[in-house]
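Structure, as structure tokens:
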Amino acid sequence: MADPRFFANRGPFPLKRIAEIGGATLPDGADAGRTIADVAPLDTAGPNDLSWFDNKRYLDQLRATKAAACLIAAKFAGSVPAGTVALITDKPYRAYALIAQAFYPAPPVVPGVHPRAVVHPSARLGSGCEVAAGVVIEAGVRIGAHCRIDANAVIDANVTVGADCRIGANASLSHCQIGNRVTLHPGVRIGQDGFGFAPDPSGHVKVPQLGRVTIGDDCEIGANTTIDRGSGSDTVVGAGTWIDNLVQIGHNVRIGRGCIIVAQAGISGSTRLGDFVALGGQAGLTGHLSIGSGAQIAAQAGVMGDVPAGETVCGAPAVPIREFFRQTAVLQRLGKQKGKVE
Amino acid sequence: MADPRFFANRGPFPLKRIAEIGGATLPDGADAGRTIADVAPLDTAGPNDLSWFDNKRYLDQLRATKAAACLIAAKFAGSVPAGTVALITDKPYRAYALIAQAFYPAPPVVPGVHPRAVVHPSARLGSGCEVAAGVVIEAGVRIGAHCRIDANAVIDANVTVGADCRIGANASLSHCQIGNRVTLHPGVRIGQDGFGFAPDPSGHVKVPQLGRVTIGDDCEIGANTTIDRGSGSDTVVGAGTWIDNLVQIGHNVRIGRGCIIVAQAGISGSTRLGDFVALGGQAGLTGHLSIGSGAQIAAQAGVMGDVPAGETVCGAPAVPIREFFRQTAVLQRLGKQKGKVE
Amino acid sequence: MADPRFFANRGPFPLKRIAEIGGATLPDGADAGRTIADVAPLDTAGPNDLSWFDNKRYLDQLRATKAAACLIAAKFAGSVPAGTVALITDKPYRAYALIAQAFYPAPPVVPGVHPRAVVHPSARLGSGCEVAAGVVIEAGVRIGAHCRIDANAVIDANVTVGADCRIGANASLSHCQIGNRVTLHPGVRIGQDGFGFAPDPSGHVKVPQLGRVTIGDDCEIGANTTIDRGSGSDTVVGAGTWIDNLVQIGHNVRIGRGCIIVAQAGISGSTRLGDFVALGGQAGLTGHLSIGSGAQIAAQAGVMGDVPAGETVCGAPAVPIREFFRQTAVLQRLGKQKGKVE
């Protein structure tokens, strides 16, 4: 189903192999050798396609699917239609991800430096790197093996990048060190000055920003996201953290491992996040806060105080979710009492 | 009035021609041959300039204007000063737009590929295209006639672009097909991976993003806006939709025709908009929603449920506008009752 | 402490010189010749480092610091530990900024045009400019002395830039005039079309955007921020105004001197700000407003009406801060009255 101009399908795979890759259970009596040619969403999957179910919103699509097989939690297996094999797994979406990676692995890195790239003689590239046209790599840069640097990206002096990274088109990096297996999407800005100055009516005085940005292994940073370098200590993004598009990370922010930060969220200077924190889209955190591990910050929340580990907060100013729902209920009830308001 | 270093004035035009271009009515007795040399806002227009009136906030400026003529709805014509010709039209701003286009058409495309552009031999450019320095066009790209690609833009492999498009400086496109007469402003990011992964404490698992972005005819996409490609099906922007700067469009979003999306709004994955939907600045829509045609979403609204066609919603969580105003009124009343609060 | 790969330390300086640079008072009996080798935050400063204290949140760090000297307001001097010299000043952070600039001045501009830059023959560069690889400077551009243009930046035809400016990587400028000592961070977009059109069901009609952007002296504009040019009059950023990352400035906006605009804030078309206005992160202002000098707009505020000079407003819709706190208090009280709500 994927457009072959953009995606190369490495299938087909027999159903047994599909189940293995996804860590799913093939039901008794299923045809283990049945050919699975592709992956597809429930509503467009055909009789040679694998699909998955993990959102009750799409239960009608499940019941009507023509997929050959469907990754699904045991409790929903009864809704899978007769012609579709139910591949049971606790984590259908994770299983789908692994199988889809087998069908459509990331495009291979094609080693070589384009003649229209500009690489400073003192920069060092690991083996097997691909450097596209218009890329500019300044003095002293160190890049690990098998990285792909897309067209017109800019890597400023002395930046270090680990192995197996991908740096998107028109991205720019300075004053930073990047781990292994990191993906930076197009237009990412990493390492520029933080918003640091002493406000003064006679002219704000710039505070030199003397830290770096350090990004751990296995991170993904979305398009046009900005991460400022630290003012003294570093701005840190922990290993395995995923950041969406158009996110702002201020100077000295420290983000733990495995966090998820959705598009257009913003984190002000010196705020610290533990591990596995989730920030919804357009959420905003003021500076110098401490957000405990596992905390969940709802979309558009405005967080002005510390959040304990494991807490879920909503609203602006953000409050624990139960309070938020009560506030909202009160407000909506009052908003409907037309007579009493005026 | 426009700075001649940046804008070339194709005027003057006689008043009669002005009225024709704008579809406005020239009043009896007006001097049809009067020369109109330029367009200008009410407060700076001189005796050879055309102006327009469409916002009551500027009624004082209307009464004091020195413009030669003013596009205006009939009901306000009485406020036009004696020296100014009232050109009557139901849509003064639309009429102004057409007339201003006649004075200042878009700068011509100057055909040619700059020697410092990099165009893959397998890419095909239509006749009359202008490709600026530093542009990188990869293998298999197809671009229609009379397009202008500005400096340092990047068009990744197999992308298709229609005719009469303009792609701004430092923009990047991949995995997409773009219609005719589309304008992409500088720094736009189209077609990169969506934010798709299966969250997992042992490491989030990337979900290959196997769809495309398709952009209809006559769209305009603002600077540094990001549109992720679909995860399976496509991300779609319908014909005639205008998107402002710094907007985030998640994977699998489907936007209908003629929508207006103001700066810094964000639409989460798989949400669908009908036709002629308007989203205010900084509004946010969660994923998997259905927004009916003609719905209006206020600035900063946080939409967490479906919105029926034609509805106007405000606030976070968003509610119909009447409820919102009642909620706000109650809250402001309570906020002023100092004694009762404490 | 700063990574020497990225920052060159011009110290050490004797303590007496440090006090002079910062305009701070050296206490009686202090060793004026003591060597200060570096600057550092309180918690990491060692016995040769200067630090500063200006946020009560870090009082514990002050009491435990090992810094040689600490810039501090007189009223907190009693908390400085015995081994640390208290350098008294009313503005510790401003003093730190000046001293840090002495240790770490901005990296010098290295004059020269990289052979892979493309500079139109009709463009004029002042003496001592540095133009990096991949930069594209179009016809008629005028750039003052000692500017640094980073890699892959694009400066469109007839733009003027003052002296001692820095334009970041992958930034793009058109239809604008930039003052002296302006810093534009990577990915900034200045001068593109504003979001101007006459909405119409048969197709929105583009309104030619005939103004410019003018940026005063001593401004700093953050990464990936977008500033649209005026539709008729100019979009103006006053001297000494600092704008953070991912900010949207609509067409015809006029911003006064010394304003501070934090990340992801957005200002809609034709709104005017006086001098020394502060906008918090993610704040949004609708169009055609007047914001008086010295007004403070809280983070995430949604401003829908004029704000008088000196006023502080919060919330959405924004209200004066005292009202906002009362509203919030009422709401939180109601939200906690579980019994009464249902």
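Say whether the condition of being surrounded by 15 or more Cβ atoms within 10 Å (Cβ to Cβ), modelled with pLDDT of 95 or more and within 11 Å of chain B (Cβ to nearest Cβ) is met by at least one residue in the stretch A:75-86.
The answer is no, given that none of the residues of the stretch A:75-86 is surrounded by 15 or more Cβ atoms within 10 Å (Cβ to Cβ), modelled with pLDDT of 95 or more and within 11 Å of chain B (Cβ to nearest Cβ).
Checking B:ASP60 against (1) assigned to a loop (DSSP other than H, G, I, E, B); (2) more than 25 Å from C:GLY203 (Cα to Cα): exactly one of these is not met. Which one?
Answer for B:ASP60: the failing condition is (1).
Which one of the conditions (1) over 26 Å from the mean Cα position of the chain (by Cα); (2) surrounded by fewer than 19 Cβ atoms within 10 Å (Cβ to Cβ) does C:ASP54 fail to meet, given that it meets all the rest?
Only one criterion in (1) over 26 Å from the mean Cα position of the chain (by Cα); (2) surrounded by fewer than 19 Cβ atoms within 10 Å (Cβ to Cβ) is unmet by C:ASP54, namely (1).
Which one of these is in a loop (DSSP other than H, G, I, E, B), more than 30 Å from C:ILE137 (Cα to Cα), of a type in the set (Gly, Ala, Ser) and in contact with a Leu (Cβ under 9 Å, 6 or more places away or on another chain): B:ALA67, B:ALA95?
So the residue among B:ALA67, B:ALA95 that is in a loop (DSSP other than H, G, I, E, B), more than 30 Å from C:ILE137 (Cα to Cα), of a type in the set (Gly, Ala, Ser) and in contact with a Leu (Cβ under 9 Å, 6 or more places away or on another chain) is B:ALA67.
Has the stretch A:36-43 got any residue that is in a helix (DSSP H, G or I) and touching a strand residue (DSSP E or B) at 6+ places or on another chain (Cβ under 6 Å)?
The answer is no, given that none of the residues of the stretch A:36-43 is in a helix (DSSP H, G or I) and touching a strand residue (DSSP E or B) at 6+ places or on another chain (Cβ under 6 Å).
Which ones in the stretch B:100-141 are of a type in the set (A, V, I, L, M, F, W, C) and farther than 24 Å from C:ALA139 by Cβ?
Within the stretch B:100-141, B:ALA100, B:ALA102, B:ALA123, B:ALA139, B:VAL141 qualify.
Okay, residues lined up against (1) at the interface with another protein chain (Cβ under 8 Å from one of its Cβ atoms); (2) part of a loop (DSSP other than H, G, I, E, B); (3) under 29 Å from C:GLN264 (Cβ atoms); (4) touching a Leu at 6+ places or on another chain (Cβ under 9 Å):
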site: B:PHE276; (1), (2), (3), (4): yes, yes, yes, no
site: B:SER293; (1), (2), (3), (4): no, yes, no, yes
site: B:GLN300; (1), (2), (3), (4): yes, yes, yes, no
site: B:ALA316; (1), (2), (3), (4): yes, yes, yes, no
site: B:ARG322; (1), (2), (3), (4): no, no, no, no
site: B:THR328; (1), (2), (3), (4): yes, no, yes, no
site: B:ARG333; (1), (2), (3), (4): yes, no, no, no
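Tell me the residue from B:GLY287, B:GLY258 that is more than 10 Å from chain A (Cβ to nearest Cβ), part of a loop (DSSP other than H, G, I, E, B) and under 30 Å from A:LEU42 (Cα atoms), please.
After ruling out the rest, the residue left standing is B:GLY258.
Going through the stretch A:53-90 one residue at a time, which ones are among the charged types (D, E, K, R) and either free of Cβ contacts under 8 Å to residues at least 24 places away in the same chain or on the phi > 0 side of the Ramachandran plot (or both)?
If the condition is that a residue be among the charged types (D, E, K, R) and either free of Cβ contacts under 8 Å to residues at least 24 places away in the same chain or on the phi > 0 side of the Ramachandran plot (or both), then A:LYS56, A:ARG57, A:ASP60, A:ARG63, A:LYS66, A:LYS75, A:ASP90 are the ones that fit.
Just to verify a result, which residue in the stretch A:223-244, among those that are facing another protein chain (nearest Cβ under 9 Å) and touching a Leu at 6+ places or on another chain (Cβ under 8 Å), is modelled with the lowest pLDDT?
My answer is A:GLY232.
If a residue must be surrounded by 24 or more Cβ atoms within 10 Å (Cβ to Cβ) and either under 21 Å from C:PRO186 (Cβ atoms) or more than 8 Å from every other protein chain (Cβ to nearest Cβ) (or both), how many such residues does the stretch B:197-212 contain?
The total comes to 1.
Return the total of residues in the stretch A:1-33 being surrounded by fewer than 17 Cβ atoms within 10 Å (Cβ to Cβ) and part of a loop (DSSP other than H, G, I, E, B).
The number of residues fulfilling the criteria is 15.
Which one of B:ALA102, B:ALA117, B:ALA97 is crowded, with 19+ Cβ neighbours inside 10 Å, in contact with a Phe, Trp or Tyr (Cβ under 8 Å, 6 or more places away or on another chain), under 26 Å from C:ASP156 (Cα atoms) and small (Gly, Ala, Ser)?
It is B:ALA97.
Please work out if A:VAL136 is farther than 30 Å from A:ILE18 by Cβ and either touching a helix residue (DSSP H, G or I) at 6+ places or on another chain (Cβ under 7 Å) or at pLDDT 95 or above (or both).
When the stated conditions are applied, A:VAL136 passes them.
Identify the residue in the stretch C:163-192 that is under 30 Å from B:ALA102 (Cα atoms) and more than 7 Å from chain B (Cβ to nearest Cβ) and, among all such residues, is surrounded by the fewest Cβ atoms within 10 Å (Cβ to Cβ).
Restricting to residues being under 30 Å from B:ALA102 (Cα atoms) and more than 7 Å from chain B (Cβ to nearest Cβ), the top hit is C:GLN177.
Name every residue in the stretch C:131-161 that is acidic (Asp, Glu) and surrounded by 24 or more Cβ atoms within 10 Å (Cβ to Cβ), in order of residue number.
The answer is C:ASP150, C:ASP156.
Please tell me if B:VAL247 is closer than 25 Å to A:GLY302 by Cα, surrounded by fewer than 24 Cβ atoms within 10 Å (Cβ to Cβ) and within 11 Å of chain A (Cβ to nearest Cβ).
no
When residues of the stretch A:230-252 are filtered for being closer than 25 Å to C:ALA2 by Cα and part of a loop (DSSP other than H, G, I, E, B), how many remain?
Counting residues in the stretch A:230-252 that are closer than 25 Å to C:ALA2 by Cα and part of a loop (DSSP other than H, G, I, E, B) gives 10.
Would you mind telling me which numbered condition in (1) within 25 Å of C:GLY269 (Cβ to Cβ); (2) touching a residue at least 24 places away in the same chain (Cβ under 8 Å); (3) hydroxyl-bearing (Ser, Thr, Tyr) B:THR25 fails?
Failed condition: (1).
Can you tell me which residue in the stretch B:37-51 is surrounded by the most Cβ atoms within 10 Å (Cβ to Cβ), limited to those that are among the aliphatic types (A, V, I, L, M) and over 18 Å from B:ARG94 (Cα atoms)?
Per the criteria, the residue is B:ALA45.
Would you check if A:THR65 is buried (at least 17 other Cβ atoms within 10 Å of the Cβ) and in contact with a Cys (Cβ under 7 Å, 6 or more places away or on another chain)?
So A:THR65 fails the test.
Does C:ASP49 meet the test of being of a type outside the set (Lys, Arg), without any contact (Cβ under 8 Å) to a residue 40 or more places away in the chain and within 14 Å of another protein chain (Cβ to nearest Cβ)?
It is false that C:ASP49 is of a type outside the set (Lys, Arg), without any contact (Cβ under 8 Å) to a residue 40 or more places away in the chain and within 14 Å of another protein chain (Cβ to nearest Cβ).
Each row is one residue, and each column tells you yes or no for (1) charged (D, E, K, R); (2) farther than 20 Å from C:ALA133 by Cα; (3) touching a Ser or Thr at 6+ places or on another chain (Cβ under 9 Å).
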residue	(1), (2), (3)
B:ARG116	yes, no, no
B:GLU130	yes, yes, no
B:VAL135	no, no, no
B:GLY140	no, yes, yes
B:ALA145	no, yes, yes
B:ALA151	no, no, yes
B:ASP156	yes, yes, yes
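Examine the stretch A:213-229 for a residue that is in contact with a Lys or Arg (Cβ under 6 Å, 6 or more places away or on another chain), outside any loop (DSSP other than H, G, I, E, B) and either surrounded by fewer than 24 Cβ atoms within 10 Å (Cβ to Cβ) or hydroxyl-bearing (Ser, Thr, Tyr) (or both), and state whether such a residue exists.
yes
The values are calculated or read from the model by the stated rules, or taken from the named source; none is laboratory data. Please read all numbers here as calculations on a predicted model, not as lab measurements. Note: ideal-geometry Cβ built from the backbone for every residue, glycine included; neighbour counts use all protein chains shown.
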